[in-house]
Amino acid sequence: MTDPSRETEDIDEYEDDGAGESQPPSSDEHRFPCGQCGANLRYSPGQTSMTCSYCGHEQDIPGASEDERASALAPLDLHTALNRDLPESEIEETRVLSCPNCGAQVEFEAEVHSSECPFCATPVVTDTGTHRHIKPQGVLPFRLTEAEAKAAFSKWLKGLWFAPNGLKKYARRDNRFSGIYVPYWAFDADTRSNYRGERGTHYYTGSGKRRRRRTRWRRVSGKVARRFQDLLIMAATSLPRRYVRALEPWHLDDLEPYDPKFISGFRSEGYTVELGAGHRLGRERMEEIIRADVRRAIGGDVQRIHSIDTQYEDEKFKHLLLPLWVAAYRYHDKSYRFVVNAQTGKVRGERPWSWVKISLAVLAGLIVIGLFMYFGEAN
C-alpha cells in the first residue's frame, strides 16, 4: 500500500529533437487475435485472462516468475534519466490523441482518426504522429468491471445534495464509462534532515475566571530520517489533482510487469508531466511528510520550525500505469468529469449544482424561521 501524500507540476522533456512532432505511425502495434475466431481479445477486469468479445473464448495471460517480476519492476536511477542517459531499451514511441481542451494525450489504435476525449468529452481529431517517451515498467490491472464502476458511481451520486435532475437521469441511462490507464511516477529516496526549532509547553496561571494559558518555549535541534518508497505523482494534468489525491491509496502489491495484454480493450494516457517536473512535485510531497516528522520529533504542545536541511540519496523512480473508469457529463454546455478508482471503487468528480433546488431550500428555510419567530412572539 502506498503512503497517501504528494504533488505539483512543471516541464522537463525527455525526447530527441523532433520528438512530439508528426511522424509516420509506429509499426509496433499490439494485436491479440482470438485463437478460435480471430477477433480481437480484450483484458477481463479482475482476471488474468483475455476474452473474445465475439465468441467468448478466454485465453490466459502467462504470469511472470518472481525473478522476472523483480527485474521488470526494479526502479531506475533518477539522475541517469534526468541526464537523458537511459538506455534505448527503456524508451518507446506511441501514437496518441491530444485533447485541445484538457491536454490529455491518450493512445489510440491506428484505424481511429477522430473521437471524443474520455476525460472531458471534447470532440477531437487524432494526431497521427508518434511520441517518444520512457516506457511503463509496471501496470496495475483493472479489478472492477464497468458495471461495478457504474454501481459505485450511482451510490456516490445518491449522496449529492442539490444535484440537477439531469445528472441522476444520466446515471440511470446506459451511458458508457471509458477504461483508462493513467500514468504515474513512483519515487524512492533515502532522506536525512537536520532541523532547528522551538518546543512549546503550555502552563496556566491564576484561577477561576482569571485562569490564563501561557506557553514556555525551549530551543531544540535534531535529526530525522525517512525512507520513501513508491511515492506516487500523477504524470498528467487531465484530471484535477484534488480528485486524484482523493482516490488514494493504491495497493501496489498487485502491480504486474508491463504487458500490453493488460491494456487490450482499454486506452492508456501518455504522460504530460515530464520526469523532471514530477520529481519536483515528489520533492514537495516529501517535504510535507518530513515537516510532519520534524513536528513529532520536536514534541511538546506546539512547535515552531526555524529550518530544515534535507539530504536526498539513492533517488530512483518507476513509470507506472494505474486504472481508472472515467465518465464525462455535459450540463448547460459545460463538461463535468467523474472518475472511479478501478482497483478500490473510490469515486470522485466534479458536480453541477441545481440553483433552483438551492433557492427553494433557502426559501423553505426562511419560511420555517419566519414561522418560528411569529409563533414565538405570539406566545
What does the extension gain come out to for S154 and Y312, with contour length at 0.36 nm per residue minus their alpha carbon separation? 52.4 nm
Take H57 and I289, extend 7 Å from each Cα along the Cα→Cβ direction, and tell me the distance between the two endpoints in nm. 4.7
Just report the Cα centroid separation between the range 252-306 and the range 33-76, whole Å. 29
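Under a Cβ-Cβ cut-off of 10 Å, what is the net charge of the residues other than A64 that fall near it, where Lys and Arg count +1 and Asp and Glu count -1?
With Lys, Arg at +1 and Asp, Glu at -1, the neighbours total -4.
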Using the beta-carbon distance between A225 and H79 and R0 = 22 Å, what value does 1/(1 + (r/R0)^6) give for FRET efficiency, to the nearest 0.05? 0.60
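Rule-based calculations on the coordinates, nothing more; no lab input. Note that this is a predicted model, so its numbers are computed, not measured. Note: ideal-geometry Cβ built from the backbone for every residue, glycine included; neighbour counts use all protein chains shown.
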